[in-house]
Amino acid sequence: MLYTRASEAANVIAGRAPGPIGAGVVLGSGLGGLADRLSDPVAMPYAELPHFPMTTVAGHPGRLLIGGIGGLRVAMFQGRFHHYEGHDLECVTFPIRVLHRLGVPRVILTAATGGIRDDLGPGSIVCLSDHLNLMGVSPLRGRNDDRLGPRFLDLSEVYSSRLRSLAREEAARLGFVLPEGVYACMPGPNYETPAEIRMLRALGADVVGMSTVPEAIVARHSGLEVLGLVIVTNWAAGISPAPLSHAEVIEASLAVGGRLADLIDAVLRRLSTEPDAGRSPVPVPVP
Ligand SMILES: O=P(O)(O)O[C@@H]1C[C@H](O)[C@@H](CO)O1
Ligand SMILES: Nc1nc2[nH]cnc2c(=O)[nH]1
């Protein structure tokens, strides 16, 4: 049962890095370097954690690191699972269920994306305001376990307006404007056709990717606050003058990763000053 598996993983993690955790961060393609910001990190390869699958995509090393940023203890997933790798969405979103069982109150989701909106070219950092789930399925499909969240979930505000304004303020302090945008989640692993990108633009999408949305839905199901910060690594198909490639995506992630790391660092430091910071309950042992 998912609840038991997530609790077992949480118990192992809490045993190796005890104490409350104030935030989780999922690091997207080529963004694993953000974990270098953690002080005194405890590293746990997914292979050493119960029920975690292996990552298979370049730029997704497959480790959980728990360490400090500005007084806040943070759990960073260096590498994620994607539906296109053949995992079902329960598996793709397992790290979020584990955060929930660890009592973590919020999560920052990061990803590499293709830019659709005219002002969101390669190198942009975008704060997600909403999403289009075009994966064709919800991660909440199947029998609902009420201990994990409600059967019917309201998604009127997936991406916390409180965290979004906090991120905008911290970006301004760092000297740049943080635009907001709508993320369209495609199933992948192929990139889109130019006609699909025209369709996505007409539907209101600003950036396009192959992840993030299942994690955001499950995080809301689990009652976590969500902040989505993505980087644009390439113009989307048909806008890009060149064919798309994952090597280009990783290269562009590495180039912008430092600025995104500065922003996430600043957001986490700001959160560490909040009265409830890091006072999440430690996990309940598996019944
Ligand atoms: O894990 P993310 O969403 O950052 O990775 C994006 C989507 C695909 O996995 C890959 C395509 O290049 O980058
Ligand atoms: N689906 C999709 N995912 C991406 N990840 C990085 N760039 C892209 C893109 O153009 N399309």
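Can you go through 167, 171 and tell me which one is away from ligand 1 (no atom under 14 Å from the Cβ), at pLDDT 95 or above and under 24 Å from residue 20 (Cβ atoms)?
167
Name the single residue that is surrounded by the most Cβ atoms within 10 Å (Cβ to Cβ) among those in region 235-251 being touching a Pro at 6+ places or on another chain (Cβ under 9 Å) and of a type in the set (A, V, I, L, M).
Checked region 235-251; the qualifying residue surrounded by the most Cβ atoms within 10 Å (Cβ to Cβ) is 236.
So the check is Cβ under 8 Å with 6+ separation or different chains; which pairs have a first residue in region 106-132 that's in contact (Cβ under 8 Å) with a residue 12 or more places away in the chain and within 14 Å of ligand 2 (Cβ to nearest atom) and a second one that's assigned to a loop (DSSP other than H, G, I, E, B) and of a type in the set (D, E, K, R)?
114/192; 115/206; 116/206; 117/206; 120/206; 126/206
Return the pairs, sorted by first residue and then second, in which the second residue is among the hydroxyl-bearing types (Ser, Thr, Tyr) and assigned to a loop (DSSP other than H, G, I, E, B), the first residue lies in region 135-152 and is under 14 Å from residue 3 (Cβ atoms), the beta carbons are less than 8 Å apart, and the residues are 6+ apart or on different chains.
Close Cβ pairs satisfying both conditions: 148/222; 149/222.
Cβ-Cβ distance below 9 Å, separation of 6 or more or different chains: which pairs start in region 239-250 with a residue that is modelled with pLDDT of 90 or more and more than 8 Å from ligand 1 (Cβ to nearest atom) and end on one that is in a loop (DSSP other than H, G, I, E, B) and among the β-branched types (Val, Ile, Thr)?
239/116
Pull up region 142-169, narrow it to residues that are of a type in the set (D, E, K, R) and surrounded by 11 or more Cβ atoms within 10 Å (Cβ to Cβ), then point me to the one that is nearest to the chain's Cα centre (by Cα).
Looking at residues that are of a type in the set (D, E, K, R) and surrounded by 11 or more Cβ atoms within 10 Å (Cβ to Cβ), I get 164.
For region 34-49, which residues satisfy the criterion of being touching a residue at least 24 places away in the same chain (Cβ under 8 Å), surrounded by 13 or more Cβ atoms within 10 Å (Cβ to Cβ) and part of a strand (DSSP E or B)?
Selection gives 41, 42, 44.
Would you call residue 53 in contact with a Phe, Trp or Tyr (Cβ under 7 Å, 6 or more places away or on another chain) and surrounded by 23 or more Cβ atoms within 10 Å (Cβ to Cβ)?
no
Determine which member of the set 188, 175, 204 is touching a helix residue (DSSP H, G or I) at 6+ places or on another chain (Cβ under 6 Å), more than 16 Å from residue 240 (Cβ to Cβ) and surrounded by fewer than 23 Cβ atoms within 10 Å (Cβ to Cβ).
188
With respect to the numbered conditions (1) within 10 Å of ligand 2 (Cβ to nearest atom); (2) in contact (Cβ under 8 Å) with a residue 40 or more places away in the chain; (3) part of a helix (DSSP H, G or I), which one is the sole condition not fulfilled by residue 218?
(1)
Regarding residue 66, is this residue outside any helix (DSSP H, G or I) and at pLDDT 95 or above?
The answer is yes for residue 66.
To keep it simple, each residue is scored yes or no on (1) at pLDDT 95 or above; (2) hydroxyl-bearing (Ser, Thr, Tyr); (3) surrounded by 14 or more Cβ atoms within 10 Å (Cβ to Cβ).
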| site | (1), (2), (3) |
| --- | --- |
| 210 | yes, no, yes |
| 216 | yes, no, yes |
| 219 | yes, no, yes |
| 224 | yes, no, yes |
| 229 | yes, no, yes |
| 233 | yes, yes, yes |
| 280 | no, yes, yes |
| 283 | no, no, yes |
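The values are calculated or read from the model by the stated rules, or taken from the named source; none is laboratory data. Just so it is clear, the structure is predicted and the values come from calculations on it, not from any experiment. In this analysis, Cβ positions are derived from the backbone assuming ideal geometry, glycine residues included, and neighbour counts consider all displayed protein chains.
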